[in-house]
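Comments concern the structure below.
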Amino acid sequence: MESTEDSTAPATGLDANLTLGQEAMSSLDKTITAARDHHFSTQYKEGFWVEELESNATITSEFVFLIHFLGIEDRYRDKREKIRNFLLHIQRDHGGWDLFYGGPPDISCTIEAYIALKMLGVSPHEPAMEKARKVIAELGGVNSARVFTKIFLAMLGQSSWDDIPAMPVEVILLPNWFYFNVYEMSSWSRGTVVPLTMVYAHQPVWPLSEEHSVQELFTPTDRDLSIKSQKPGFNWPNAFLFIDKTLKTLGKPGWKPLRKTAMKKALRWTLDHQEPEGDFAGIQPAMFNSILALHLEGYSLDDPILTKAFEAVDRFLIEQDDRLSMQACVSPLWDTAIAANALLDSGVPEDHPSVAQACDWMLTKQVTRRGDWRFKNPGTPAGGWAFEFFNDGYPDCDDTAEILMALDRCKVQDEKHKRREMDRALTWLFSMQSANGGWAAFDRDNDHALFNEIPFADHGAMLDPPTVDVTGRILWMLGRIGHATDAPRVRRAIDFIYSEQEYDGCWWGRWGVNYIYGTWLVLTGLHAIGEDMTQPRIRKAVEWIKSHQNEDGGWGETCDSYLDPKLRGQGHSTCSQSAWALMALIETGEAESDTAAKGVQYLIEQQLEDGSWYEDYFTGTGFPGHFYIRYHMYRQFFPLMALSRYRTALRSG
């Protein structure tokens, strides 16, 4: 596509040792133009952008389990070798599989990948399998795996359902005013747990053949896989273990007076939460558990409901050369909104056909029906946007804010329609603000902390509480579109953000890795909304950003900073995290600093010949400490956005 870039630019006033001068500014212009043209080349004909959402080996391994459970291996016979190739390709030199690139081996990822490979015909005597078994033993064996891995082992006939924490389907009957009810769970947990309780009620076993059995993974200490007390005395974890044992005891007799009613309601709930296109909650765990639950309840595989469900599953598969993997989710609305904003930052006109087409496409995807959020937010019309192609039940506050920024900045053919849809989305977004002033991703006031103490919730992600990164983005959006920046809701949001600041000046990031991400979005939001960026607490955050720049001029942070906060702001430089840090500096008046100039030079030097950038490291977060994401577009649109804003700041300075 023809470039519209004006490559002329004035000389800058940077420090003499790091001046960008006319020649260097020309280099910056060329970098931005190349990146922008690369963006244009990757847009789909429908108007959206989307690239791979990469996670860990469990997602693909569990696809192998699913087709075994349903007896449909033949349907995917031509895919099996490619899945095997993929799993072997991502096995690390240490012999295991990790949660993120460069991370330590993860016990659950390694166990599930090992099982899947053996089911795909890899001999246990292969060096890759021998190395994996060694890692599993070193990490504590099967007993150390997460609950969901143990559930798969039970379904594969390798262990007992008696070892699995109780998940009574009767939880669906608990009233909404009760502390523990399904609408106090996070949206992703709700969509996964409700059908999983139906599976638990059936406790199915689809045993592996003797050839594919993985009994070699078990040691004598692994024969009892039940959850054990970690701390003596009276505490919530032990109280829940007592409740778990009680529920199991009560569940053993044949007489279960509420079971039929609960199963009927859970089935209705699951069916009601299927999208017309077949998806369930837009995520792999909800989709797999819903398919299994429906099949166990008597739905045949050729039933239109399950046929649609498998169409959705197939859309999550990615085939590249001789490898095939499965995504945990897809991110077209997220990718499209940020790509459009990055292009607009780069100087693309507001009526540019590519941007206008992207915005028209996003307008067609606005949520028009009320989802689960309505139970804690009654009386509000539907609005907002989801993350995925098809997930109207769970619009996302973060996506909605990013999309609103893009829509406000672009011109489409029907401006009146656009403004009506924006107003509807804003009404919904305002109604989702939590009592503490912040916004979460999908729910309001989703903060009943005891949910994370339930025995089967060992991933620690049963809740969706307000976070500063989502709140910062919403403030950024409100400031950018000039919408009621002096409203009481804005002050409450600012107060929430300040209450969450860390002792050293940074902010924790929930949905991106980690303190660099959180600090960038907070500073951007506070600047956009009109906060004084010279106040001490802001300057402290700026100094934190500056002090964590790497020698090469970039910034990076390991996913392990979620487990060890002492690692905050530390890690190999990445293009996406460097862009976040650079944008934080720009928003706080540091565009002409030596630190910013070094960051710009790092991004320029990292650009590839085709105008793109590359990074191996994971900079997106699913569940802190448990699940991380490598968004393949992060390394593209964030550097373009940062460099473009840097150029704008210098020109306006």
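Every read-out reported here was derived from the displayed coordinates using simple, explicitly stated rules and does not represent laboratory data. On a predicted model such as this, the values are computed, not experimentally measured, just so you know. Ideal geometry is used to build each Cβ from the backbone, glycine not excepted, and the neighbour counts take in all protein chains shown.
Applied to the stretch 182-193, the Karplus parametrisation 6.51 cos²θ - 1.76 cosθ + 1.60 on θ = phi - 60° returns per-residue 3J(HN,Hα) values of 4, 8, 9, 7, 4, 4, 5, 5, 4, x, 8, 6 Hz, with x for Gly and Pro. If R0 is 30 Å, the Cβ-Cβ spacing of residue 503 and residue 616 corresponds to a FRET efficiency of close to 0.40. In order along the stretch 403-410, the Karplus-derived 3J(HN,Hα) couplings, from 6.51 cos²θ - 1.76 cosθ + 1.60 at θ = phi - 60°, round to 5, 4, 4, 5, 4, 5, 8, 9 Hz, and Gly and Pro are given as x. Taking a sphere under 15 Å around the Cβ of residue 418 and counting the other residues whose Cβ falls inside, with K and R at +1 and D and E at -1, yields a net charge of -1. Computed from Cα positions, the angle between helix 468-481 and the longest principal axis of the chain comes to roughly 40 degrees. For the pair residue 417 and residue 364, the difference between a 0.36 nm per residue extended length and the Cα-Cα distance amounts to 18.0 nm. Could you tell me how many degrees, from 0 to 90 and to the nearest 10, lie between the Cα long axis of helix 488-499 and the main elongation axis, the longest principal axis, of the Cα atoms of the chain? Roughly 80 degrees, rounded to the nearest 10. The amide H of residue 283, built 1.01 Å from its N in the peptide plane, has no neighbour under 5 Å, considering only residues 5 or more places off or on other chains.
For the peptides 554-566, 259-271, 408-420, the ranking by packing is 554-566, 259-271, 408-420, with the highest mean count of neighbouring Cβ atoms within 10 Å listed first.
With N as its number of residues, the stretch 523-653 has a Cα radius of gyration that, divided by 2.2 N^0.38 Å, comes to 1.04.
My understanding is that a pair violates if its Cα-Cα distance is over 20 Å; which of 256/376; 30/598; 45/416 do that in this structure? Violating the 20 Å limit, Cα to Cα: 256/376; 45/416.
Within the straight-line cut-off of under 12 Å between alpha carbons, the aspartates and glutamates reachable from residue 418 are 360, 408, sequence neighbours fewer than 8 places apart in one chain being disregarded. Separation of the stretch 308-386 from the stretch 54-103 is 26 Å, based on Cα centroids. Averaging the sequence gap over all C-alpha pairs within less than 8 Å and six or more residues apart, then dividing by the number of residues, gives the chain a relative contact order of 16 percent. For the chain, the longest principal axis of the C-alpha atoms and the axis of helix 236-251 are separated by about 40°.
Once the Cβ-Cβ distance between residue 162 and residue 632 is put in as r, and R0 is 41 Å, what FRET efficiency do you end up with, to the nearest 0.05? The computed FRET efficiency comes out at 0.45.
Backbone amide hydrogens, once placed in the peptide plane, bring residue 622 within less than 5 Å of 627, 628, 629, excluding anything fewer than 5 places away on its chain. Within the stretch 89-112, which residues have the backbone N less than 15 Å from the label spot 7 Å out from residue 137 along Cα→beta-carbon, could you tell me? Residues 95-96 fall inside that zone. On the beta carbon distance between residue 540 and residue 210, with R0 = 60 Å, the FRET formula returns roughly 0.45. Multiplying each eigenvalue of the alpha-carbon gyration tensor of the chain by 5 and taking the square root yields semi-axes of 42, 28, 25 Å, largest first, rounded to whole angstroms. Backbone N atoms of the stretch 416-455 closer than 11 Å to the 7 Å Cα→Cβ label point of residue 487 belong to residues 423-433. Once the chain from residue 26 to residue 41 is taken as fully extended at 0.36 nm per residue, the excess over their C-alpha distance is 3.1 nm. Over all other residues within a Cβ to Cβ distance under 15 Å of residue 378, the charged ones net out to +2, with Lys and Arg as +1 and Asp and Glu as -1.
Each residue of the stretch 200-214 was assigned a 3J(HN,Hα) from its phi angle through the Karplus curve 6.51 cos²θ - 1.76 cosθ + 1.60 (θ = phi - 60°); the sequence is 4, 4, 7, 6, x, 9, 10, x, 6, 5, 4, 5, 9, 4, 10 Hz, with glycine and proline shown as x.
Toward the positive end of the charge dipole of the chain, with +1 on the Cβ of Lys and Arg and -1 on the Cβ of Asp and Glu, the farthest Cα among 371, 71, 505 is that of 371. Site pair residue 533 and residue 125 shows an inter-label distance of 6.6 nm when each label is modelled 7 Å from Cα along Cα→Cβ. Site pair residue 563 and residue 351 shows an inter-label distance of 5.5 nm when each label is modelled 7 Å from Cα along Cα→Cβ. The packing ranking, built from the mean of other Cβ atoms within 10 Å per residue, places the peptides 160-172, 472-484 in the order 472-484, 160-172, highest first.
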